[in-house]
Amino acid sequence: MKRILTALAVLLAACVTVFAQGGYQVKGVVVDAVGPIIGATVIEQGTNNGVSTGLDGDYLIKVSSADAMIEITCIGYAPQTFKASEVPATVLLSEDTHFLDEVVVIGYGTVKKSDMTGSVATVKADEINRGAVSSPDQLLMGKVAGLLVTPASGQPGASSTIRIRGAASLNASNDPLIVIDGVPITGDGGAGMGNPLASVNPNDIESYSVLKDASATAIYGSRASNGVIIITTKKGVGNRIKVNYNGSVSVKQNYQFFNMMNGTEYAAYVKENYPMAADLLGYKGTEYNTNWQKEIYRLGVNTDHNVSVLGGGVVPFRVSLGYNLDQATVKVGDNQRANLDVSLSPKLLDDHLNIALNAKGIYQKTNWGNPGAIGNALSFDPTKPTRFPEGDAMAGTIWNWYGSTGDPNTMASVNPLSNLYEWTDVNSALRSIGNLVLDYKIHGFEDLRLNANIGYDVAKTSGEKYNQLGSRSAKAASPDKATKYSNFNSNVVFEMYGDYSHDFGWSNLDAMLGYSWQHNYVEYNNIDYLNKDPRWQEEDYYNGKNDKKEYYLVSFFGRVNFNVLEKYLFTVTVREDASSRFSPKNRWGLFPSAAFAWNIKNEDFMKNVNVISQLKLRLGWGRTGQQDIGDNYYPYLAKYSFSTSPNMMYDMGGQRYNTLSPEAYNPNLKWETTETFNVGVDFGIKGEMLTGSIEAYYRHTFDLLNNVSAPLGTNFSNRVIANVGDMVNKGIEINLNYNIIESRDWHWSIGGNATFQDIKITKLSNFDDTYPGVHVGDSMGSNEGYSSLYKKGYAPYTYYLYHQVYDTEGKPIMNMLADVAGATDADGNPIPDGAVTESDRYLTGKSPNPWMYYGINTHVRYKNWDFSINGHGSVGNYALNKVRKGYSYSYGLVDSSAKGYINNLNKSFLYPDWTDVMSTAQEYSDLWLENASFFKIDDINLGYTFNIGKKWMESIRVAASVQNVCTFTAYTGLDPELPSVTGVDSNFVPRPRLYTIRLNINF
Amino acid sequence: MKKNITKYIVSAFALVALVSCVKDLNTLPLNDYDTTSEVAYIDEESYLRGLAYINAYYNFVSRDDAGNADISIDDAGQSELLRQWLNMNDLCTKSLDIGWGDSYISDIESHTWTNADNNAFIAVYTRCMKGITLANEFLLQTTDDKLELRGHTAFKDKVAQFRAEARFHRCMFYYIMMDEFGRPPFALEEHIGGELPKQIERADLFIWLETELLDLVSDESAMPAKGEVAYPRPNKDAAKALLARMYLNAEVYTGTPRWEDAKKYAKQVIDNGYSLHPKYQELFMHDNGQTCCNDEFIFAIEYDHYSAQSWGGTTTLSSGAFDDVMNNMLAPYLGIKDVAYVSMEVWNGYHLNPEYVEENFEINGVTDWATRKKEVDDMKAAVQKKSEAATPEEAEKIVIPEIGIGFDASISDKRLLLCNEGEGEYKASISTSGWRVWKWAAMTSDGSAVKRGGDDNTDWKLSSADFAIFRLPEMYYIYAEADARLHNDVTTDATAVGYIKALRDRAGLSTPSSLSVEAILKDKAAEYLWEGQRRQDEIRLGIFDSDKNRWVYPLLESDIAAYNGNLTQNAGY
């Protein structure tokens, strides 16, 4: 352990101010039981004057006088203080047994790591080597066992999907609760602010706490079923003003392409096989050779600049300003963001009143571009020019399929350049998150602390979408509308708690009691105008939609921590929550938890077992709730709605009327509840050479908020949200870190985590076990449809498909799907019923959920050089390759040529003898189901730190990195890591590779 | 001092804690268009608006957006009641083939449907049952007690009329349930939020419907008579037409024929002032709901490209049937000069089986397939050449041959609004095969075609053609067929034959003096192509399917599962 600590200390010391002033000189050596300590800090107290020890543990410091107090510190050791004149030549530092007592942020408070009973993982932001990071979620990818971060698609501003220990809900939200400095963040920030984590600048983050089990999360009760991520931002510290600049420039490159036919190959193929479509090749007798995928992509740039100023003193403060520009690799599309973060943390009244004031402001401007270009770049006929050629009536305009009278063929594919250049979709968003925390230790009764937190999260977004006037898309629209929209979201929270903590010597008691009130308000406005010049004229109003809604959450909560002899730790929490989304009789839900931890290492019999440096057993149980059913904030209320749409009026005999209609509702709706059991062991071996933890969890969600079939005739839809169904989610998490080499100049460690999970729906109908299940997932065709089924005994989104039939050579036969369903014979084997119908679909047992996912990383440091590689992967997740399906057959040429256009084909995916119309059954064949297990090298980083140590500049770090380095997979699509939870791969914006140079200067 | 601070701070904490309260949890909708059921009905117009949604439920998929269904279903456009009702009644016969690969289409087309819920069954079953529930809720909300409670007694009579209309629509929806699914769940007002409805046998539902409709057509009924409400709202004649249709099929539903009753009610409707519209094609044009053309409509569903939007119904019948070539051959044939399109879009799906054409239609002068194919290819080549001409002058020089529609319309049934592209037998794999139907071509009665493109910013992709649930000719056929059934399947009755003669005269055909049931239904096959009548006619003729279990469709499995045993599946599924 000492070696690691030593190494850490070296790194740390590198950042410490190193300059001396005249006066008294002290020199000596700092050692521990093993030998010299490198990088211990020797500092003159009350000043910035300090040095760190050299390779032999030696130091030399000039202090102001012989009476100056000198403090010698090193992480992991107990600090020592001497008068300058009395410093021994050899200072022996002893290990600090409280070193492990890192403070961990948990709900409504903090706890020493050694006292923790729940499953909480912490990630310190500065432990992370990174390339270009435009959103904080990226920092968590592959870092924590049980936390699965699926990165967003390559579209700037898109959000990633975060799951803690798998999905616990079927229809309600599965996103974890995000709490930033005590403010719970709403996931619904409106368009352009869909990613709640994007509202915080990654550079401002101090640490993440990932709360995984119920004993940790139950204190958040109602919103904690999917785990909690607490983000703590950096605060002002120290005793002088420090300035930090952190910036990066990245080049983004799209490096994967589909193997489409080029113009020559395509023309030859069509002429030979589909002469009826050959007329449509080329333009005016010329067959061009356009690579549409090349046409739409570019090198994108991502640049990031941050300046922060922080200082301590009477009013510790930190102000930071950040700017990020992220350009898509698709030619149109970028996201610009500016962040301002201010925090003040004064202590008043003899340090009895701690005040924390945090305010963040985000301004974001997004040009979404048109992702439709990606699919069209594959489909569009490669024998066409990009633009109409010279001498043509439409010369210079983007080439498209027009009919003989000059009207666009609305059935035809659109030139991807039209998607990019003839469509505007821009958004700007303003968001602010802030809070004021008053924490008061009562004078004369210091064991009792009162804490009040008033916080807000307000976002306002607005945007415009329209076709360029006169463009192909404008002509093809019916009618051509220009849309203006705006969202306003406001989330206000008030919380208060009292905390009593007392040390009885043999034990330690901490009891907390609190109250929370939260109001969430959403307003949405969408107005369509006829798209004319000038736009947005009142007389061109077409129609509009608006929606206003709100909900309230009110809670009472309490927690007791009891620590006996530093060996036995007990935690009990209770939270009573009420949500306005439920009727008064079902409104309140009680969410308790209990946990026990045993610090085995602190037992007498373990004291002498030196090989084990840390050993703790944790047991936890608890319940959490879920009320986030999505858009409907009044699901229990019998509601009528007046239609406002001018497009949906009915002629009631000479006059048209908007309609009035009742809506489906469920007065019996109540909380969905997740019950969690957790067992964990934390350990450290050989002086923390090998550290890690193993945990097992069992989550049982019941009263699932589910969209179920309603008996027709009793309600106003065939589906209503009801509390139906159970789900079980089991898993084992392993987290290991091994320091292979730890020497004076070298450090090499390997860390990894793996999560094994098993998710199953255990009940789906209140009536009948033969319940056919709920259609979910995505369409595999051009019409809507479903790829998966929720069904008892299967994982959510288990694919529900037909069996493909193959010929003797193993080639799939088009439209031949196995006829398996029908009556069963005496032996219980199904007798085919002579036709392939819906009933021949089967549950494949495969789903987008991996049975294992993992992250690994390695760090190497040599002197001032550092190097790291991070990777992550998953095993057992399957994907439906809809892109491959789309290019597997050539019948499209027959059908589309009848509609007046033709589409390109793919060399890798095409089955030459597949020339028929593809049946729905074929579209939902298991042929398209592919194992999408993968391993990705996420990033490789190399850095060098210059320790300047000057008054005006402490240090400079220069680093270079490559992100999205490579993917190992058998999947035939571009990227097996699908942003869609349904597992259907349909042309998402590819994730580019990034080459980044980063500069960090500390003043 | 310190004590004071403590006091202040502690009391401040306490105060804030008390002020915030749990009463906030009682939220109500904030939108001005949202309201609770207690206060939804505020004035006379609001009752009419409530009725409007029931009346619109044949073609509206939601109250606000034609692209979003108000029931949980795969595809909004394909969830329209009328669209899928047509599929369940025509696609299952040879009168309609659809070239899209959807499994529900091939299941119905090839008579291989099973008890597994498919999109057509889900749409028709769910929407009818929701329509019934909407009507039930409307009846609950419009009782005398409720009106009195709200102080709405002043327009009690108006509301009574609305109630009668709601009951008529409920009958329509239950009639469809009886006809398609046989033994549906039977829900009335008390089942809303109450007990699960029980299953009703087909014959019992027939009796209930008969009683209900007879009450609506009685003199005491508040159901409006013809002229009391304007087109397209249903009146007593619509109820009588439904009775006539039910009586014609009574034997199928109950085992007991009711030919006399069928004749009686058909005759009552016929004699109430309807007349055959002289030009058959105009019955399916975009202005067919206007006074110019709706003279033979008894009850129709309104579509409007702007104000009553739907991606099903007549939009599908029009765009679904067209491809590009068809547009190019038809436009000159129909005299459309300025634009070359007679459909809104070209979805290239709906076809007509040549066998069906040969069996049922008087079609003459058919070009043989090979010659036809050459004609089509030549025309396509010319169109292609013209579109690629370097200069407008050069384009002008290229003449596109007018190739007609592939048969001699002057010596054929004038109702055969068909054409072909030179491929014979309909095959799903050849998208240009089979006969194509332009009955719903996107035209107006002044001879102009709907303008494509967004220049004038209209909703040009959607149809404004109304769809008639009951037109006068059906009453003629019912009368004639019922009379024939009463006379050993042949009618020589002057009135009956006269009715059919009127229809055949309009079609330019001669009429014999005696008509068999087969002859009557053969004529109807031409008159009512793609109007949702064929399945019933084939069932009555006994030729629908050798497996009689298929004469009704299966109930929705998901509904059976949701019911916990109150429903049982139909025999054979």
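The values are calculated or read from the model by the stated rules, or taken from the named source; none is laboratory data. What you see is a predicted model, and the numbers here were worked out from it, not measured in a lab. Here the Cβ positions follow ideal geometry from the backbone for every residue, glycine too, while neighbour counts run over all protein chains shown.
Restricting attention to the stretch A:511-531 and to residues that are farther than 22 Å from A:N427 by Cβ and either in contact (Cβ under 8 Å) with a residue 60 or more places away in the chain or of a type in the set (S, T, Y) (or both), the residue that is surrounded by the fewest Cβ atoms within 10 Å (Cβ to Cβ) turns out to be A:Y515.
For the stretch A:370-397, a residue qualifies if it is over 30 Å from B:M329 (Cβ atoms) and in a strand (DSSP E or B), and exactly one does: A:R387.
Residue pairs whose Cβ atoms lie under 6 Å apart, sitting 6 or more positions apart in sequence or on different chains, and linking a residue in the stretch A:721-743 that is in contact (Cβ under 8 Å) with a residue 60 or more places away in the chain to a partner that is surrounded by 22 or more Cβ atoms within 10 Å (Cβ to Cβ) and among the acidic types (D, E), are A:E733/A:E695. Among the residues of the stretch A:439-456, are any away from chain B (no Cβ under 12 Å), under 28 Å from the mean Cα position of the chain (by Cα) and part of a strand (DSSP E or B)? Yes, some residue in the stretch A:439-456 is away from chain B (no Cβ under 12 Å), under 28 Å from the mean Cα position of the chain (by Cα) and part of a strand (DSSP E or B).
For the condition more than 27 Å from B:A166 (Cα to Cα), within 11 Å of chain A (Cβ to nearest Cβ), surrounded by fewer than 24 Cβ atoms within 10 Å (Cβ to Cβ) and β-branched (V, I, T), B:I73 does not qualify.
Going residue by residue through the stretch B:259-267, is there one that turns out to be touching a residue at least 24 places away in the same chain (Cβ under 8 Å) and part of a loop (DSSP other than H, G, I, E, B)? The answer is no, given that none of the residues of the stretch B:259-267 is touching a residue at least 24 places away in the same chain (Cβ under 8 Å) and part of a loop (DSSP other than H, G, I, E, B). Determine if the stretch B:58-70 includes at least one residue that is among the charged types (D, E, K, R), more than 7 Å from chain A (Cβ to nearest Cβ) and surrounded by fewer than 20 Cβ atoms within 10 Å (Cβ to Cβ). No, that holds for no residue.
Within the stretch B:87-102, the set of residues being more than 12 Å from B:A120 (Cβ to Cβ) and within 11 Å of chain A (Cβ to nearest Cβ) comprises B:G99, B:W100, B:G101. Quick check: anything in the stretch A:499-508 facing chain B (nearest Cβ under 10 Å), acidic (D, E) and touching a Leu at 6+ places or on another chain (Cβ under 9 Å)? Within the stretch A:499-508, none of the residues are facing chain B (nearest Cβ under 10 Å), acidic (D, E) and touching a Leu at 6+ places or on another chain (Cβ under 9 Å).
Only residues that are within 12 Å of chain B (Cβ to nearest Cβ), out of contact with any helix residue (DSSP H, G or I) (no Cβ under 8 Å at 6 or more places or on another chain) and within 30 Å of B:T27 (Cβ to Cβ) were counted across the stretch A:514-561, and they come to 21.
Name the residues in the stretch A:56-74 that are under 14 Å from A:I43 (Cβ atoms) and not in a strand (DSSP E or B), would you? Passing the criteria: A:S64, A:A68, A:C74.
Does the stretch A:413-423 contain at least one residue that is charged (D, E, K, R), in contact with a Ser or Thr (Cβ under 7 Å, 6 or more places away or on another chain) and crowded, with 19+ Cβ neighbours inside 10 Å?
Restricting attention to the stretch A:413-423, the residues satisfying the condition of being charged (D, E, K, R) are A:422.
Next cut, in contact with a Ser or Thr (Cβ under 7 Å, 6 or more places away or on another chain) only: A:422.
Filter once more, keeping what is crowded, with 19+ Cβ neighbours inside 10 Å: A:422.
Taking every residue of the stretch A:413-423 in turn, at least one turns out to be charged (D, E, K, R), in contact with a Ser or Thr (Cβ under 7 Å, 6 or more places away or on another chain) and crowded, with 19+ Cβ neighbours inside 10 Å.
The condition (being farther than 30 Å from A:V728 by Cβ, in a strand (DSSP E or B) and either of a type in the set (D, E, K, R) or more than 14 Å from chain B (Cβ to nearest Cβ) (or both)) is satisfied by just one residue among A:S641, A:S613: A:S613. Every listed requirement among (1) at pLDDT 90 or above; (2) on the phi < 0 side of the Ramachandran plot is met by A:G983 save one, (2).
Search the stretch B:319-373 for residues being basic (K, R) and more than 30 Å from B:G453 (Cβ to Cβ), and hand back the single one that is nearest to the other protein chains (Cβ to nearest Cβ). So the residue we want is B:K373.
Criterion applied to A:Y255, A:Y274, A:Y283, A:Y288 was being of a type in the set (S, T, Y) and surrounded by fewer than 17 Cβ atoms within 10 Å (Cβ to Cβ), and the one residue passing it is A:Y255. What residue, among those in the stretch A:602-624 that are without any contact (Cβ under 8 Å) to a residue 40 or more places away in the chain and charged (D, E, K, R), is surrounded by the fewest Cβ atoms within 10 Å (Cβ to Cβ)? Here the residue is A:D604.
Considering only the stretch A:325-353, state which residues are outside any strand (DSSP E or B) and either closer than 28 Å to A:G313 by Cα or not charged (D, E, K, R) (or both).
First, the residues of the stretch A:325-353 that are outside any strand (DSSP E or B): A:328-329, A:331-333, A:345-346, A:349-352.
Matches in the stretch A:325-353: A:A328, A:T329, A:V332, A:G333, A:S345, A:P346, A:L349, A:D350, A:D351, A:H352.
For the stretch B:176-210, a residue qualifies if it is in a helix (DSSP H, G or I), touching a residue at least 40 places away in the same chain (Cβ under 8 Å) and farther than 19 Å from B:L243 by Cβ, and the qualifying residues are B:F181, B:E189, B:H191.
Could you check, for the stretch A:706-713, whether at least one of its residues is at pLDDT 90 or above and within 30 Å of B:L134 (Cα to Cα)?
Yes, some residue in the stretch A:706-713 is at pLDDT 90 or above and within 30 Å of B:L134 (Cα to Cα).
Of the residues that sit in the stretch B:27-44 and are more than 7 Å from every other protein chain (Cβ to nearest Cβ) and in a loop (DSSP other than H, G, I, E, B), which one is farthest from the chain's Cα centre (by Cα)? Taking the candidates together, the pick is B:L28. Among the conditions (1) part of a strand (DSSP E or B); (2) more than 30 Å from A:R318 (Cβ to Cβ); (3) not polar (S, T, N, Q), A:L280 misses just one, which is (1).
Tallying residues that are closer than 20 Å to A:D819 by Cα and of a type in the set (D, E) within the stretch B:90-121 yields 4.
Mind listing just one residue for me: the one in the stretch B:287-305 that is within 11 Å of chain A (Cβ to nearest Cβ) and in contact with a strand residue (DSSP E or B) (Cβ under 9 Å, 6 or more places away or on another chain) and, of those, surrounded by the fewest Cβ atoms within 10 Å (Cβ to Cβ)? Only one residue fits best here, namely B:D304. Exactly one residue out of A:D350, A:D407, A:D341 is among the acidic types (D, E) and either away from chain B (no Cβ under 14 Å) or under 20 Å from A:A429 (Cα atoms) (or both): that is A:D341.
Let me spell it out: the conditions are (1) free of Cβ contacts under 8 Å to residues at least 60 places away in the same chain; (2) within 14 Å of chain B (Cβ to nearest Cβ), and A:L910 meets all of them except one. Which number is the exception? Of (1) free of Cβ contacts under 8 Å to residues at least 60 places away in the same chain; (2) within 14 Å of chain B (Cβ to nearest Cβ), only one is false for A:L910: (2).
In the stretch B:495-515, what count of residues is obtained for those that are among the polar types (S, T, N, Q) and part of a helix (DSSP H, G or I)? Count: 1. In the stretch B:112-152, which residues are in a loop (DSSP other than H, G, I, E, B) and touching a helix residue (DSSP H, G or I) at 6+ places or on another chain (Cβ under 6 Å)? B:W113, B:T114, B:N115, B:A116, B:D117, B:N118, B:T142 - these are the residues of the stretch B:112-152 that are in a loop (DSSP other than H, G, I, E, B) and touching a helix residue (DSSP H, G or I) at 6+ places or on another chain (Cβ under 6 Å). Being more than 10 Å from every other protein chain (Cβ to nearest Cβ) and in a loop (DSSP other than H, G, I, E, B) is the filter here, so list the residues in the stretch A:616-638 that pass it. Selection gives A:Q627, A:D628, A:I629, A:G630, A:D631, A:N632, A:P635, A:Y636. A residue that is crowded, with 23+ Cβ neighbours inside 10 Å, among the β-branched types (V, I, T) and closer than 21 Å to A:M261 by Cβ can be found somewhere in the stretch A:899-914.
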